[in-house]
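Quick notes on the structure that follows.
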Amino acid sequence: QVQFVESGGGLSQPAGSLRLSCAASGSFVSLYSMGWYRQAPGNQRELVATVNIHGTTIYANSVKGRFTISRDNAKNTVDLQMNNLKPEDTAVYYCHAETLADLKDHWGQGTQVTVSS
């Protein structure tokens, strides 16, 4: 089992910045990947950014150049720095991790990000 503590969501004006943080804990040896997904009302959950244990990152095209993901493998934490936010970034953001042993998916409870003037 993996438990998450997510923080950093909230309200931002367009072109503003927010930083999301996620700390994972539980009965696992290592996490292969950690990252963030989001889901807006009426939409499917989609990948925002992820980073694997080797440091390889993947970003959604819509956030490239604006969002930066970082990870601390020793602390099992992952952060998402979101700059130049747009109204279309409004969604519930979910922390995600894959356990190395079995590559199972684990999800946080989600944190709301709203971008509005």
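Under 6 Å between Cβ atoms, which residue pairs at least 6 apart in sequence (or on different chains) link something in the stretch 71-84 that is over 22 Å from VAL29 (Cβ atoms) with a partner that is open to solvent by 70 Å² or more (accessible area, probe 1.4 Å) and of a type outside the set (A, V, I, L, M)?
From the stretch 71-84, the pairs are GLN81/ARG19; GLN81/THR68.
Can you name every residue in the stretch 69-91 that is within 10 Å of the chain's Cα centre (by Cα) and among the β-branched types (Val, Ile, Thr)?
Of everything in the stretch 69-91, those that are within 10 Å of the chain's Cα centre (by Cα) and among the β-branched types (Val, Ile, Thr) turn out to be ILE69, VAL78.
Checking THR68 against (1) without any contact (Cβ under 8 Å) to a residue 24 or more places away in the chain; (2) exposed (fewer than 14 other Cβ atoms within 10 Å of the Cβ); (3) assigned to a strand (DSSP E or B), only one condition comes out false. Which one?
(2)
Among residues belonging to the stretch 20-57 that are more than 11 Å from ARG71 (Cα to Cα), of a type in the set (A, V, I, L, M) and assigned to a loop (DSSP other than H, G, I, E, B), point out the one that is most open to solvent (accessible area, probe 1.4 Å).
Once the filter is applied, the top-ranked residue is VAL29.
Among the listed residues ALA97, ALA101, ALA91, identify the single one that is open to solvent by less than 80 Å² (accessible area, probe 1.4 Å) and farther than 19 Å from ALA15 by Cβ.
ALA97
Taking the stretch 1-19 as the region of interest, how many residues are out of contact with any strand residue (DSSP E or B) (no Cβ under 8 Å at 6 or more places or on another chain) and open to solvent by less than 40 Å² (accessible area, probe 1.4 Å)?
Total meeting the criteria: 0.
Report, by residue number, each residue of the stretch 3-19 that is in a strand (DSSP E or B) and hydrophobic (A, V, I, L, M, F, W, C).
Within the stretch 3-19, PHE4, VAL5, LEU11, LEU18 meet the criteria.
The values are calculated or read from the model by the stated rules, or taken from the named source; none is laboratory data. Since the model is a prediction, treat every value here as computed from it, not as a measurement. Glycine also receives a Cβ, built like all others from the backbone with ideal geometry; neighbour counts cover every protein chain displayed. The accessibility values were calculated without ligands, DNA or RNA, using every heavy atom of the protein model including side chains. Shrake-Rupley method; radii C 1.70, N 1.55, O 1.52, S 1.80 Å.
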